[in-house]
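Report on the following structure.
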Amino acid sequence: MLYMKDFKLIFSLLLRPRGKASFLNSVPKGVRILDVGCGNDSPCKVKTQRPDVFYVGLDIGDYNQKADPRRYADQYLIASKEDFVKGIDKFYDSFDVIISSHNLEHCESQHEVLSAMLKALKKTGKIYISFPCEESIDFPKRRGTLNFYDDPTHYRIPNFSETVNKIRSQGFAIDFAVKRYRPFVLSSLGFILEPLSLILKRNMPFGLTWAFYGFETIIWASRRE
C-alpha cells in the first residue's frame, strides 16, 4: 500500500530530477551520510527514503523538526555556532556522502564550513549542496521565503562561481551545477499560479514558486581518486 509520504517521494523524484531526494536515490546502499544543517525534518525524510544508510545529522539547534530527529538519526548532534566548523572537522575522511541543503547561507564562516565538509568525505565521496541563488536578493517578498532577506536567519548568499571553484580545487568533479534550478513541469505550474501567489503574498506549495523563479542553486560533486 502506498502512503502519502510515498507519493511525495515519487513526485519529487519525477519532477525534481536534480533535487535532494533524487541525489539520495542515486547513492549506493549502506553508505555513511552526514547531513550538515539538518533542519526541516531532514532526519525523518532521509531515513524514511533510505533506511539502509547510516545517517548523522548536525545542526545548531532543533530547527523545524516536526518528527523527533533522535528517533530517526543514527546520530544527531547539536553544535554551537562557534563550534559548528569544529563539529564537522572531527569527521575528517569519515563519510561517503554529505548533504548541505540550505545551510551555507546561514553560516558566517561559509568557506570554512565548505572546506570542512569536503575534507569529511572519503576518497570517492559525493556531496549535494543547495542554497538561494544570488539573484534572489531582488525577488519579490513572499511568505515561505522568496526574497533572500525574507528569512532573518540568512547571513550571506554563497557566490556560485566561488563555490564551484572551491569544490574543484579540492579534487572534486562537478557532476551537476545550476545557478537557478527550474525543473520544467514545476516551473510551468509555478508560472500558472504566480498571480495567485502574488495576491496571497506566499509561495505556492510543492516548491512551485521556487521553481518558477529559479530560487535554488544546486550542486552535485564527487571526489576523484
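The values are calculated or read from the model by the stated rules, or taken from the named source; none is laboratory data. Values in this document were obtained by computation on a predicted structure and should not be read as measured data. In this analysis, Cβ positions are derived from the backbone assuming ideal geometry, glycine residues included, and neighbour counts consider all displayed protein chains.
Before moving on, here are some points about what is shown:
- Residue pairs whose Cβ atoms lie under 9 Å apart, sitting 6 or more positions apart in sequence or on different chains, and linking a residue in the stretch 174-194 that is touching a residue at least 12 places away in the same chain (Cβ under 8 Å) and over 23 Å from ASP138 (Cβ atoms) to a partner that is in a strand (DSSP E or B) and of a type in the set (D, E, K, R), are ASP175/LYS126.
Here is a yes/no grid of residues against (1) in a helix (DSSP H, G or I); (2) over 30 Å from MET204 (Cα atoms):
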{"position": "GLU105", "(1), (2)": "yes, no"}
{"position": "VAL113", "(1), (2)": "yes, yes"}
{"position": "ALA116", "(1), (2)": "yes, yes"}
{"position": "LYS122", "(1), (2)": "no, yes"}
{"position": "ILE127", "(1), (2)": "no, no"}
{"position": "SER136", "(1), (2)": "yes, no"}
{"position": "THR153", "(1), (2)": "no, no"}
{"position": "ILE157", "(1), (2)": "no, no"}
{"position": "SER161", "(1), (2)": "yes, no"}
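- Flag if VAL36 is under 12 Å from the mean Cα position of the chain (by Cα), surrounded by 15 or more Cβ atoms within 10 Å (Cβ to Cβ) and modelled with pLDDT of 95 or more: yes
- Within the stretch 93-111, the set of residues being closer than 22 Å to CYS133 by Cβ and either over 14 Å from the mean Cα position of the chain (by Cα) or hydrophobic (A, V, I, L, M, F, W, C) (or both) comprises ILE98, ILE99, LEU104, CYS107, GLU108, SER109, GLN110, HIS111.
Quick grid of which residues meet (1) part of a loop (DSSP other than H, G, I, E, B); (2) in contact (Cβ under 8 Å) with a residue 40 or more places away in the chain; (3) out of contact with any helix residue (DSSP H, G or I) (no Cβ under 7 Å at 6 or more places or on another chain):
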| position | (1), (2), (3) |
| --- | --- |
| PHE23 | no, yes, yes |
| LYS29 | yes, no, yes |
| LEU34 | no, yes, yes |
| PRO43 | no, no, no |
| LYS47 | no, no, no |
| TYR55 | no, no, no |
| TYR63 | yes, no, yes |
| ARG70 | no, no, yes |
| LEU77 | no, no, no |
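- Residue within the stretch 56-64 that is out of contact with any strand residue (DSSP E or B) (no Cβ under 6 Å at 6 or more places or on another chain), under 23 Å from LEU9 (Cβ atoms) and not hydroxyl-bearing (Ser, Thr, Tyr) present: yes
- Some residue of the stretch 85-98 being within 26 Å of ARG182 (Cβ to Cβ), surrounded by 20 or more Cβ atoms within 10 Å (Cβ to Cβ) and at pLDDT 95 or above: yes
- GLY57 being under 27 Å from CYS107 (Cα atoms), surrounded by 13 or more Cβ atoms within 10 Å (Cβ to Cβ), touching a His at 6+ places or on another chain (Cβ under 8 Å) and at pLDDT 95 or above: no
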